[in-house]
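The next block holds one structure in the form of structure tokens; read it before the comments.
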Amino acid sequence: MTQVPNAENHQSPPERLPPNQQLLPQGRWPVVGEKNPGIPPETWTIEIAGQVQHALSWTLDQLRELPQSKMTMDIHCVTRWSRFDMAFEGIPLSDLLELANPTPAAEYVSFVAYSERNHSTSLPLAELKRLRAIVAFSANGEPLSQEHGGPVRVVIEGKYFYKSLKWLRSIQLLPTDKLGYWESDAGYHNGADPWKEERYLAPNLDKRMAAKLIASLDFRDQDLRSLSATERNLAGLNAKGACLRNADFTRSTLTSADFSNANLSNAKLIDANLVDANFHSADIEGADFTGADLTNCCFVGASLFGATFCTENRQSILTKATEFTEQQIAPLTDEQQQFLRRFASVEA
Ligand SMILES: Nc1nc2c(c(=O)[nH]1)N[C@H]1C(S)=C(S)[C@@H](COP(=O)(O)O)O[C@H]1N2
Ligand SMILES: [Mo]
């Protein structure tokens, strides 16, 4: 979330919040990824299949009749927000696995969603046996809303939330792994351990290639995930459309750099000189601008969730010259919106 100078709401025992995560204000739960399933739930069946002794399939009503229990879990999204003590109610995944009885060949579990893009995610069966996991119908006493995966989703404790599939269609036991949507197409780390910060994969960019690219000041449309470019002079950089997720530009000079349409989610721009830089329509979710100079920067159309715009001491680094739009800040929390209204300009 956009950090505000007032730290009160964000205090938590450090051992409970994984590194570089921020606690959401009370009651907040952002929607991430797909917003609705491809197929209306009225016609759904939910199955467990593949390497199992008993392949099983349920209508929603039948599934609801299995014994349910409650699991209270902390959730941690890769875009850096966390929420403690979510009380999910549903069927323990271990019960479904027991009913289906995996064969010795079963090594991985792929969860497949009712989803237009055939969304899926996977985990090793051995890991699932040691993590608490639930096929949930409700959260905090309320049925899950559609955008949060209702009527039924998976929630897995101890992994970034992208391992928790919304709109469950099929649980498939497989002899080999089948990488999920975020883990293959989008370069998310297949491990997804928030305590080890297994967020994104680094591409195979060798040191010489990286040095050459940095010297060229031309990053247009390139996949440079996790690039390390700290303490560099990159004035005038052209990074239009580049994928710079998790890249590190700490203390670099990026005056007049063009990051329009670039993906800078979770990038570090700590103490960077960004005078006259352009972030038009960039994805800066979770980007860290702590202490950066944002004089004359453009953020029009950028997606902002989780971006940090303050100093080490939580003083704002924004000025009234930085413009945001109402539409752009609408997804943020009230507190974050207040912060931007106070320290920057928000136009209709
Ligand atoms: N079917 C489906 N499941 C999904 C996703 C998605 O896009 N489609 N996004 C994942 C990601 S990245 C996160 S953080 C959580 C978000 O759940 P929420 O929208 O309820 O917060 O769902 C996960 N499960
Ligand atoms: Mo996520």
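The values are calculated or read from the model by the stated rules, or taken from the named source; none is laboratory data. Since we're looking at a predicted model, the values are computed, not measured. In this analysis, Cβ positions are derived from the backbone assuming ideal geometry, glycine residues included, and neighbour counts consider all displayed protein chains. When the accessible area is computed, the model is the full protein with side chains, heavy atoms only, and any ligands, DNA or RNA have been set aside. Shrake-Rupley method; radii C 1.70, N 1.55, O 1.52, S 1.80 Å.
On a 0 to 90 degree scale, rounded to 10, what angle separates helix 334-343 from the longest Cα axis of the chain?
Helix 334-343 sits roughly 10 degrees off the main axis of the chain.
If you wrap a convex hull around the alpha carbons of the range 1-152, what volume per residue comes out, as a whole number of Å³?
130
Taking only protein heavy atoms into account and a 1.4 Å probe, give the accessible area per residue of the range 1-145 in Å².
48
Cα convex hull of the range 91-138: how many Å³ per residue?
Residue-normalised Cα hull volume stands at 94 Å³.
How big is the range 104-210 by the Kirkwood estimate over distinct Cα pairs, in Å?
14.8
How many times 2.2 N^0.38 Å is the alpha carbon radius of gyration of the range 196-348?
0.99
At a threshold of 8 angstrom on Cα-Cα distance, excluding pairs fewer than six apart, so keeping six or more, what relative contact order does the chain reach in percent?
It comes to 14 percent, rounded to a whole number.
Mind giving me the nanometre distance, one decimal, between the label points for E312 and E198, set 7 Å out from Cα along Cα→Cβ?
The modelled label-to-label distance comes out at 3.3 nm.
The chain: D in µm²/s via Stokes-Einstein (Kirkwood Rh, Cα pairs, 4 °C, 1.567 mPa s)?
Estimated via Stokes-Einstein, D reaches 60 µm²/s.
Over the range 250-348, with the other protein chains present, what is the accessible area per residue in square angstrom, probe 1.4 angstrom?
40
Express the carbon and sulfur contribution to the solvent-accessible surface of the chain as a percent, rounded to the nearest whole number, probe 1.4 angstrom.
With neighbouring chains kept in place, the figure for the chain is 46 percent.
Please list the non-local residues whose amide H lies under 5 Å from the amide H of L23, H modeled 1.01 Å from N, same-chain partners needing a gap of 5 or more.
S82
From Cα pairs below 8 angstrom and at least 6 apart in sequence, can you work out the relative contact order of the range 211-348, rounded to a whole percent?
For the range 211-348, the relative contact order is 15 percent.
Where only protein heavy atoms count, and the probe is 1.4 Å, what is the accessible area per residue for the range 147-195 in Å²?
31
Could you give the angle, 0 to 90 degrees to the nearest 10, between helix 207-216's Cα long axis and the longest principal axis of the Cα atoms of the chain?
Orientation of helix 207-216: about 50 degrees from the principal axis.
Please report the base-10 log of the normalised intensity I(q)/I(0) for the range 183-255, using a Debye sum with one equal scatterer per alpha carbon and no solvent, at each q in 0.13, 0.14, 0.16 (1/Å).
Treating every Cα as an identical point scatterer, log10 I(q)/I(0) equals -0.40, -0.47, -0.60.
Quick check on my link table: of K163/K207; K178/K240; K212/K268, which ones sit more than 24 Å apart, alpha carbon to alpha carbon?
Pairs exceeding the cut-off: K163/K207; K178/K240.
Just the ratio, please: alpha-carbon radius of gyration of the range 270-309 over 2.2 N^0.38 Å, N its number of residues.
1.04
Starting from the Cα of R208, step 7 Å along the direction of its Cβ; do the same at R342; then give the gap between the two resulting points in nm.
Once both label points are built, they end up 5.3 nm from each other.
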